[in-house]
1. Of the residues Thr365, Thr386, Thr322, which is at pLDDT 95 or above and assigned to a loop (DSSP other than H, G, I, E, B)?
2. How many of the residues in the range 210-239 are more than 17 Å from His328 (Cα to Cα) and either buried (at least 17 other Cβ atoms within 10 Å of the Cβ) or of a type in the set (A, V, I, L, M) (or both)?
3. Say whether the condition of being over 20 Å from the mean Cα position of the chain (by Cα), within 19 Å of Phe131 (Cα to Cα) and free of Cβ contacts under 8 Å to residues at least 12 places away in the same chain is met by at least one residue in the range 379-389.
4. State yes or no: is Phe173 at pLDDT 95 or above and surrounded by 19 or more Cβ atoms within 10 Å (Cβ to Cβ)?
5. Going by the conditions given, is Ser156 farther than 21 Å from Gly107 by Cα, exposed (fewer than 15 other Cβ atoms within 10 Å of the Cβ) and hydroxyl-bearing (Ser, Thr, Tyr)?
6. Picking from Arg95, Arg145, which residue would you name as being farther than 30 Å from Pro213 by Cα and at pLDDT 95 or above?
7. Determine which member of the set Phe166, Phe178 is in contact (Cβ under 8 Å) with a residue 24 or more places away in the chain, within 30 Å of Arg315 (Cα to Cα) and either in contact with a Gly (Cβ under 8 Å, 6 or more places away or on another chain) or outside any loop (DSSP other than H, G, I, E, B) (or both).
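The values are calculated or read from the model by the stated rules, or taken from the named source; none is laboratory data. Computed from a predicted model, the values in this text were never measured in an experiment. Virtual Cβ from ideal backbone geometry, glycine too; neighbours counted across all protein chains shown.
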Amino acid sequence: MNTRRIGIGAVVVVGLVALFFVGKYLITNKQTTPEQAKTDNKKEKTEERSQQVAQLVHQACLYADSVGIDTTRFTLNADAARNEEKLTDVLEEIRYGKKPSRMAFSGLKETVDSTWSAKADPASLDTLSTFAPYKQLVGHYNRLRKQGSSPALADSLRLIRQTLNFYRYINRFDPDQFVLVNIPAGELNVFDRTGKRLLPMQVIAGKPDKMTPCMATYIQDIVMYPYWNVPKNIALEEMLPRMKRNIAYIYNQNLQILDAKDHEVDPEDINWEELSETNFPYRVRQASGCENSLGLLKFNLANPLAIYLHDTNSRDLFKNTTDRWRSHGCVRVQKPVELANLVLGTPTFDAAFMNKCLIDQKPKTLPIPKRFPVFIVYNVADVDSTGKLHFYNDVYSLDK
């Protein structure tokens, strides 16, 4: 009897224990199923987005490679968040490029759309740029890539990539019109946003030992009948020896000697024998007029390097020589009147202005309607007005 009771009790206990664990399992499973489903759903979406990002990076890199961008920096890895960053980086470089390494000064405010990459479609990036020289240069780049491999070809492609990056860099400023001075080409062009050349002309830039620096800046104003405030190094190294040899040099060059208070000093009252490169308490200025080295028009550029665009009193140089690299660093322009009228937005000067040679004129500053962007660059590879590819002379030996 006792044995039977013990057996029944054991069965009951086992049943209760089994019931307890079954109930606990059912209750626990019932509580965690929604959470597990939520976790599984989130994981599925994360994996789906990760695959999508990988595909988008792949598409963007294919296009980036076709326009001369180094895509090895955008290799995918297991970090999904990092891949998202890479997608943003490659898309932004496709649109805005990188700051060119040779830019000595940048005074333009960037207008980069930081939200653009989030809505960009990598499948339609070829419609992004409407700038004609850029598209023409991309065509030449891909044409040359199909010609095989050699050191000379690799070098040509490298030079084209530099220029392509510069054209993308311009998009950071979104200008309606801008001046582009290309030093190796010895040319200035005014472009609109489609790449149309509004005012092509020749320029004379700095000598190899007086290189014109690259910059992104803007025209602040235009000066009629400018003075030429002679840079100190030119005054001491080039002019002082001549002035000491013959005081007539001062009058022949229409120079003025100014003291520390900017008062003009009579050259006859100066003891030239006591002066030297380390003892010269004066400033040299060339009076305005047709013989002024800056000519009749000066385009002031915002920069701390004392670089500007200007007319010249030696305009025959544009006809009589092909040497476009003979200045002390500033840029002489072939068509100053046309450039001034375009920047001012009104026909302020006529063709006769350059031939009037008025005397005793004081400098007059003309404000411009809005800042006019100017890019001074060193692009050895570029296209001309017909879309033909050129490799210009590396006059400063910067791309060897």
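1. Just a single option satisfies the conditions, and that option is Thr386.
2. Count: 10.
3. yes
4. Working: at pLDDT 95 or above: yes; surrounded by 19 or more Cβ atoms within 10 Å (Cβ to Cβ): no.
No, not satisfied.
5. Working: farther than 21 Å from Gly107 by Cα: yes; exposed (fewer than 15 other Cβ atoms within 10 Å of the Cβ): no; hydroxyl-bearing (Ser, Thr, Tyr): yes.
Spelling it out, it is not the case that Ser156 is farther than 21 Å from Gly107 by Cα, exposed (fewer than 15 other Cβ atoms within 10 Å of the Cβ) and hydroxyl-bearing (Ser, Thr, Tyr).
6. Arg145
7. Values: Phe166 fails: within 30 Å of Arg315 (Cα to Cα).
None of the others qualify; the one that does is Phe178.
Conditions tested, residue by residue: (1) of a type in the set (A, V, I, L, M); (2) under 18 Å from Asn182 (Cβ atoms); (3) without any contact (Cβ under 8 Å) to a residue 40 or more places away in the chain.
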{"residue": "Ser101", "(1), (2), (3)": "no, yes, yes"}
{"residue": "Trp116", "(1), (2), (3)": "no, no, yes"}
{"residue": "Asp126", "(1), (2), (3)": "no, no, no"}
{"residue": "Ala132", "(1), (2), (3)": "yes, yes, no"}
{"residue": "Leu137", "(1), (2), (3)": "yes, yes, no"}
{"residue": "Leu144", "(1), (2), (3)": "yes, no, yes"}
{"residue": "Ala152", "(1), (2), (3)": "yes, no, yes"}
{"residue": "Ser156", "(1), (2), (3)": "no, yes, no"}
